[in-house]
Amino acid sequence: MTRLIELENLKKRFRVKEAWGKVRYIHAVENVPLYIEQGETLGLVGESGCGKTTLGRTILRLHEPSSGKIFFRGQDITHADMLPYRRKMQIIFQDPSSSLNPRMTVGEIVGEPIDIHHLASSRPERKDRINYLLSRVGLNSEHANRYPHEFSGGQQQRIGIARALAVEPEFIVCDEPVSALDVSIQSQIVNMLEDMQRELGLTYLFIAHDISVVRHISRRIGVMYLGNLVELAASKELYKNPLHPYTKTLLQAVPIPDPRITRSRQRTILNGEIPSPMDLPPGCRFSTLCPNAMQCCSETAPMLKEIAPGHQVACHLFT
Ligand code: SF4
């Protein structure tokens, strides 16, 4: 299978200037090695602040990487002019209401990328294209003249998806696209994204803090903690056989709609502090919370290693 996206030790640090002119860095993404095959959905999970959104945005060069490399179809785009790639790589944002310009009609919002990339040669062609995109996401041509505030959250997210599809992308970063929506609407949007993937051959990086959401849509899932990729495996394998202590605690937090199973299941209580991304502990970043921490954990950072075919984990328990 073709690797559409490939990352080589990607790093993103944000410079923060403190009082007295002191400069510190937020280590948002650290040495992430990753690839996404054409037509696959790679899920990326972790708590808020773990760096998953920064990683998605850095792949699209909405943030410039601090070091490492980004490849698209084998081309190194780390420092390339991104205009030709903007058409191929799009993003769907978490909060649909704030990602849509309230002063533009839906037709103008969806039509804007068509204009930027000169994808329609006449006004009727542009209009047809907008109407097609709206129908593709379950809206209709009458909606083109309305403003974003006239729509529900789910409909606003559909408008955001139509805008992303307007340029016929190959790769879409879905940045928590259902987190702000009702549970009943979430499955509609996820099913629609799956249908579009089948029909259009799209490749997704699907970011979520809820591991149960990505399980449904992803072929593989990566788990991030404080900027590090700590585990990566096929979706079923990760659920059946989580190895990293952090992945286990994430899975234990998934609600099960059966109180008997919920009562009987073992829970690991994490004691300790989550370190600041500006002041990380030496060694494993999870060592301040990990119930399995050993002496070596606070001395040496574990590297991501393949433990079984396609199952990688960064933990000294598996070295
Ligand atoms: Fe826990 Fe050590 Fe593994 Fe880190 S390396 S997750 S501290 S056992």
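Values quoted throughout were computed directly from the atomic coordinates according to the rules given, and no laboratory measurement underlies them. All values reported here derive from a predicted model rather than from experimental measurement. For neighbour counting, all protein chains shown are included, and Cβ atoms are generated from backbone atoms with ideal geometry for every residue, glycine included.
Details
- Those GluC sites (Glu not before Pro) in region 1-36 that DSSP places in a loop and that have at most 14 other beta carbons within 10 Å: Glu18
- Sites Tyr147 and Asp195, calculated FRET efficiency, Cβ-Cβ separation with R0 22 Å, nearest 0.05: 0.20
- Subtracting the Cα-Cα distance of Glu306 and Tyr239 from their residue separation scaled by 0.36 nm leaves 22.4 nm.
- Using a Förster distance of 41 Å, the FRET efficiency for Ser48-Arg123 (Cβ separation, nearest 0.05): 0.40
- The angle separating the long axis of helix 106-116 from the principal Cα axis of greatest extent in the chain is about 80 degrees.
- Signed unit charges on C-beta, dipole axis of region 3-318, positive-most listed residue Leu243, Leu181, Leu270: Leu270
- Among Cys290, Gly107, Tyr25 - extreme Cα towards positive end, dipole of region 3-318, charges at beta-carbon: Cys290
- Compactness of the chain - radius of gyration and Dmax, Cα, Å: 20.9, 69
- Chymotrypsin sites (Phe, Trp or Tyr not before Pro) within region 166-212: DSSP coil, no more than 14 neighbouring Cβ in 10 Å: none
- Each label was represented as a point 7 Å from its Cα along the Cα-to-Cβ direction; for Lys248 and Asp182 these points are 3.9 nm apart.
- Of Lys52/Lys305; Lys12/Lys69; Lys11/Lys240, pairs whose Cα-Cα distance is over 22 Å: Lys11/Lys240
- By the count of other C-beta atoms within 10 Å, a proxy for reagent exposure, Phe93, Phe286 are ordered fewest to most as Phe93, Phe286.
- Listed by Cβ neighbour count within 10 Å, with the fewest neighbours leading, Tyr147, Tyr225 appear as Tyr147, Tyr225.
- Calculated mean residue ellipticity, 222 nm, the chain: -9000 deg cm²/dmol, from DSSP H runs (n ≥ 4) at -39500 (n - 2.57) each, averaged per residue and rounded to 500.
- Degrees separating the helix 153-165 axis from the principal Cα axis of the chain, which is the longest one: 80
- Cβ-to-Cβ counts within 10 Å put Met104, Met1 in ascending order as Met1, Met104, the fewest first.
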